[in-house]
Amino acid sequence: MNLFTTTGMAAGLVLWAILTGCGGRGADVDAASTSTAPASPVLAPILEVTEPRAQLMPGVGAVYLTVTNSGDEADHLVAIKTAAASVAETHETVVEEGVMRMMARPEGFEIPAGGSLELAPGGKHIMLIEPQPTSDEGGTILLTLHFATSEPIAIEAIVTTPASGDHAMDHDAAHDMEHDMEHD
Ligand SMILES: [Cu+2]
């Protein structure tokens, strides 16, 4: 029994409810549930953004954060608006045949129902082109996240300076690699 995960237990309860409902005692189950919960729950994403932070370098920068979706429906991060950079777009760092490359992801990122989207060094991120030089370490930059379904969410990303060898350094390297490949 210790091997049951919370998810497994929940799935088991749902299955039990379905089986019970189909077993001729559905009326009792319905009567009980209507008194405690809405008959038809609204399917919707419920989003929360945590740990927004930015790493800025001359000319480029990246924003990392986590979007958690506690709702019953998936959503999609589709656009980022900010006055703190010329361009803010969804990117993903990938390794292809041992070479690190940064790919634009114009389709954005999914935030699964009951799950989360993590933007983190070495993976998905918000790319900033020409971030404002006035954004010092310890300061913040304002961004608005736009979603397919949910209302926009305004965030304040804390500016940090990348340690040497950190991901923001990879950005320049990745861009150089892309340029090299284009020239070949
Ligand atoms: Cu990038």
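The values are calculated or read from the model by the stated rules, or taken from the named source; none is laboratory data. Keep in mind it's a predicted model, so treat the numbers as computed, not measured. Virtual Cβ from ideal backbone geometry, glycine too; neighbours counted across all protein chains shown. Note: accessible area is taken over every heavy atom of the protein model, side chains too, but ligands, DNA and RNA are not part of it. Shrake-Rupley method; radii C 1.70, N 1.55, O 1.52, S 1.80 Å.
Going by the structure shown, is Thr140 of a type outside the set (A, V, I, L, M, F, W, C) and open to solvent by less than 20 Å² (accessible area, probe 1.4 Å)? Here the answer is no, as Thr140 does not meet what is asked. The condition of being assigned by TED's automatic domain parsing to the domain that holds Phe147, among the hydroxyl-bearing types (Ser, Thr, Tyr), within 16 Å of the ligand (Cβ to nearest atom) and modelled with pLDDT of 95 or more does not hold for Thr68.
In region 110-133, of all residues being of a type in the set (A, V, I, L, M) and in a loop (DSSP other than H, G, I, E, B), the one that is farthest from Lys81 (Cα to Cα) corresponds to Ala113.
The set of residues in region 95-109 that are within 11 Å of the ligand (Cβ to nearest atom), without any contact (Cβ under 8 Å) to a residue 24 or more places away in the chain and part of a strand (DSSP E or B) comprises Met103, Ala104.
The residue that is surrounded by the most Cβ atoms within 10 Å (Cβ to Cβ), among those in region 110-134 that are within 13 Å of the ligand (Cβ to nearest atom) and among the hydrophobic types (A, V, I, L, M, F, W, C), is Leu128.
Is there a residue being of a type in the set (A, V, I, L, M, F, W, C) and within 13 Å of Gly61 (Cα to Cα) anywhere in region 88-100? Yes, the conditions are met somewhere in region 88-100.
Looking across region 71-86, the residues that are open to solvent by 60 Å² or more (accessible area, probe 1.4 Å) and among the aliphatic types (A, V, I, L, M) come down to Val78, Ala83. Only a single criterion out of (1) within 14 Å of the ligand (Cβ to nearest atom); (2) at pLDDT 65 or above is not satisfied by Asp176, namely (2). When Gln55 is tested against (1) modelled with pLDDT of 95 or more; (2) outside any loop (DSSP other than H, G, I, E, B); (3) farther than 19 Å from Ile153 by Cβ, exactly one condition is not met: (1).
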